[in-house]
1. Regarding the range 68-183, what's the average projected area of the Cα-atom convex hull, expressed in nm²?
2. Quick one: grab Rg to one decimal and Dmax as a whole number for the range 219-364, Cα atoms only, in Å.
3. Using only the C-alpha atoms of the chain, find the volume of their convex hull and express it per residue in Å³.
4. Only Cα pairs under 8 Å and at least 6 apart count here; give the relative contact order of the range 136-261 as a rounded whole percent.
5. How big is the antiparallel share of DSSP beta bridges in the chain, given as a percent to the nearest 5?
6. Within the range 311-355, find all residues whose amide N lies under 15 Å from a label point positioned 7 Å from the Cα of Asp290 along Cα-to-beta-carbon.
7. So what is the relative contact order of the range 286-364, in percent, for Cα pairs below 8 Å that sit 6 or more residues apart?
8. On alpha carbon coordinates alone, what is the Rg over Rh value for the range 15-89, Rh being the Kirkwood radius?
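Bear in mind that the values in this text are calculations on the coordinates, not laboratory data. If you're wondering where the values come from, they're calculated on a predicted model, not measured in any experiment. Cβ coordinates were reconstructed from backbone atoms using ideal geometry, including for glycine residues, and neighbour counts include every protein chain displayed.
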Amino acid sequence: MENLGRSVPLEDTPERAAARKQDHIEICARQDVESDGMRASSFYLAPEALPEFSAADVDTNRTFLGRKFSLPFLITGMTGGVSEGQRINEVLALAAERWNIPMGLGSQKIMIKNDSYRRMFDVRKVAPSVFLIGNIGAVSFNYGISEDDIVRMVDVLRLDACAVHLNALQEAIQPEGERDFSGLLHHIEKLVRRLPVPVVVKEVGSGMTAETCRRIFETGVAAVDVGGSGGTSWSAIEGRRGDALTARLGELFRNWGISTEQSVAECSEVLRAFGDVPARQLIATGGIRDGARAALMLALGADMCGVGLPFFRAVVRPPQGVSAEESLDEEIKFFARSLETAMFCAGARRIPELGRRLRRRAFA
């Protein structure tokens, strides 16, 4: 009887990878792909009826990976490797440059395996000053990708940082999934020593426990993205790309993991234990759908909040008569304004002041 560990996935050729990326775009554009991680929150921000400052005084600036940004929002890595992905990334990059926020690219394994795909990730030609974060799956180290490959990728695309993603659940469900996750911490540690730019390690929807976060930070990475449950479910997405068994598995594990809120609460304790030397930072991604939710994650200890699906859909599904660029600007404006409103109404003039407004709910 075949089991998960012994089953043989499809060979992940560049051609299959490109087809998969196109599937991802089409599924995420219109289908229900979110997990149910947005359960009743254990925390809230205490309202301040008498802020004693003007709403115009609210300061949303944030320093992340050595650069000052206007907002604590990071456009998470979503796509690339196909023509439509290239167009989406260019629109995202232009917006990131305009708004002075960082942007991540989708996995660049396809580009490493076949250099002809490089142009589909090269957004510098349209946004030369954008803070750009590359992306590779940690499991790729066990399937032919080397540290040298990533060093070249960083150099060719002129990346400002490099994210290494952890996606065990996605690989377990994906028809082409690469499922040997052995020895990856050692590879991450070697990559940190090799790369001339900061390394970020990110989950993609299952969340991260304090113990895992601690082990990752001990490798010397600059930041951890908790990637909690509550946002895009890659289990659900991959489940729709396979046979009947794959579909059942995808739905079964749609809500697998721990919430972004719980992950940030646990991992911020780890950060406090490490102290500030060297500086380490925390990203909250997973179900961040507005600035009010982001404010709560920042109060819990996140340095930045990653946003994916809302920005993606603003680009691929703009309202009738509105360009993709205008649609995305309106969405970012909503995130910015809702964050400013939450800060003002909580009496926090600056982001670090949000922490003192954090309260734990008393559940009956």
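1. For the Cα atoms of the range 68-183, the hull's average projected area reads 7.6 nm².
2. Considering the range 219-364 through its Cα atoms, Rg and Dmax are 17.7, 52 Å.
3. Numbers: hull volume 54.0 nm³, N = 364.
Hull volume normalised by residue count: 148 Å³.
4. Details: 213 pairs, mean separation 31.2, N = 126.
Relative CO of the range 136-261 lands at 25 percent.
5. Details: 7 of 34 bridges.
Roughly 20 percent of the beta bridges in the chain run antiparallel, per DSSP.
6. 331-346
7. On the way: 79 pairs, mean separation 31.4, N = 79.
Relative contact order for the range 286-364 comes out at 40 percent.
8. Values: Rg = 19.5 Å, Rh = 17.1 Å.
For the range 15-89, the value is 1.15.
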